[in-house]
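A short write-up of the structure that comes next.
The values are calculated or read from the model by the stated rules, or taken from the named source; none is laboratory data. Worth saying up front: this structure is predicted, and the values here are computed from it rather than measured. No Cβ is skipped: glycine too gets one built from the backbone with ideal geometry, and neighbour counts run over all protein chains shown. Side chains are part of the model used for accessible areas, which takes the heavy atoms of the whole protein and leaves out ligands, DNA and RNA. Shrake-Rupley method; radii C 1.70, N 1.55, O 1.52, S 1.80 Å.
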Amino acid sequence: MRQKVLFSVRDICEIALLCSLAIVLGFFCEIKVGQNGGSIGFSMIPLLFICYRHGVLKGFIASAIIYGFASCIYDGYGLHCYPFDYFLAYGSLAIVSLFYKKIFNNKNYSRYIYLNISILLACFLRLVFHVISGMILWDTEFVGSLVYNVLYVGPSCAICMVVFSLLLKPLTSLDKLHPVVKRF
């Protein structure tokens, strides 16, 4: 009798490679925005790609647990930042996978609208958790925390929207050529 598997070997390899790419991009391709953390960068691109391809559960595990914990450790701000600034903030990126059918199974231009809406929603949720963290952990007022976090989440969101809009056709072809068997 064959057992159902949540993660295939191919899924594990693909997620590991993309998480590694996100970590490398976080190291080398970012612009720091102040002394208390936050940077404009490209690390969300591989994480969003995981979420689109593998669904909510695998995307959350990859972005919140794997990437979130690794970046929390190498950022050096301490594990007290992990729940809001890493686990929930990066875990919220998994919401983009709810738009999968509207983006990858559509042939018309509305898929670009859904793509950008999904990225905006994910970045908004990420911003919410960073603002909450700023208010709780760093004892910042709402407006100060909002302004500080918008300075790096906003441009990172814009970068992701541009990159995914440019790469949507090749990503759709890749998804059809190598589909993920089970999306959770």
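What the stretch 1-95 shows is 50 Å² of accessible area per residue, with the surface traced by a 1.4 Å probe over protein heavy atoms. Taking each DSSP H run with n ≥ 4 as -39500 (n - 2.57) and averaging over every residue of the chain yields -21000 deg cm²/dmol at 222 nm.
Highest-first packing order for the peptide set 124-130, 150-156 is 124-130, 150-156, based on the mean count of other beta carbon atoms within 10 Å. Its relative contact order, with pairs defined as Cα atoms under 8 Å and 6+ residues apart, puts the chain at 22 percent.
Just checking my list [x] 58, 44, 33; [y] 79, 32, 31; [z] 52, 41, 26 against Cα extents along the principal axes in Å computed from this structure; which label fits? Comparing each candidate, only [z] matches the computed number.
Rounded to the nearest 20 debye, the dipole magnitude of the chain is 1160 debye, with +1 charges on Lys and Arg beta carbons, -1 on Asp and Glu beta carbons, and the Cα centre as origin. Comparing Tyr109, Tyr67, Tyr82 in a Gaussian network model of the chain where C-alpha atoms under 10 Å apart are linked, the largest mean-square fluctuation is found at Tyr109.
Scalar couplings 3J(HN,Hα) for the stretch 137-147, obtained by applying the Karplus form with A = 6.51, B = -1.76, C = 1.60 to θ = phi - 60°, are 7, 9, 6, 9, 5, 3, 5, x, 5, 4, 4 Hz; x denotes Gly and Pro. Computed from phi, the 3J(HN,Hα) profile of the stretch 8-21 under the Karplus parametrisation 6.51, -1.76, 1.60 (θ = phi - 60°) reads 7, 4, 5, 4, 4, 5, 5, 5, 5, 5, 6, 5, 5, 4 Hz, with x in place of Gly and Pro. When the chain is treated as a GNM with alpha-carbon contacts under 10 Å, the residue of Ser173, Ser133, Ser20 showing the greatest mean-square fluctuation is Ser173. Note on the chain: with a GNM built from Cα contacts shorter than 10 Å, the maximum mean-square fluctuation among Cys29, Cys157, Cys19 falls on Cys29.
Give me the tail of P(r) for the stretch 77-184 as a percent: Cα-Cα pairs with distance above 19 Å. That tail contains 51 percent of the Cα-Cα pairs. Among 39-48, 161-170, 97-106, the peptide with the highest mean count of other Cβ atoms within 10 Å heads the list, and the full ranking is 39-48, 97-106, 161-170. Rounded to whole numbers, the Karplus 3J(HN,Hα) couplings from phi for the stretch 165-172 are 5, 6, 9, 4, 4, x, 5, 5 Hz, using 6.51 cos²θ - 1.76 cosθ + 1.60 with θ = phi - 60°, and x at Gly and Pro. Here's the list of aspartates and glutamates a cross-link from Lys32 could span, going by alpha-carbon distance under 13 Å and ignoring same-chain residues fewer than 8 apart: Asp75.
Legend note: in the chain, cysteines whose Cβ sits 4.7 Å or more from every other cysteine Cβ are Cys13, Cys19, Cys29, Cys51, Cys72, Cys81, Cys160.
Short-range pairs are left out: with C-alpha atoms under 8 Å and at least six residues apart, the relative contact order of the stretch 38-86 is 24 percent. Surface composition of the stretch 1-71: carbon plus sulfur atoms hold 71% of the accessible area, using a 1.4 angstrom probe and ignoring ligands, DNA and RNA.
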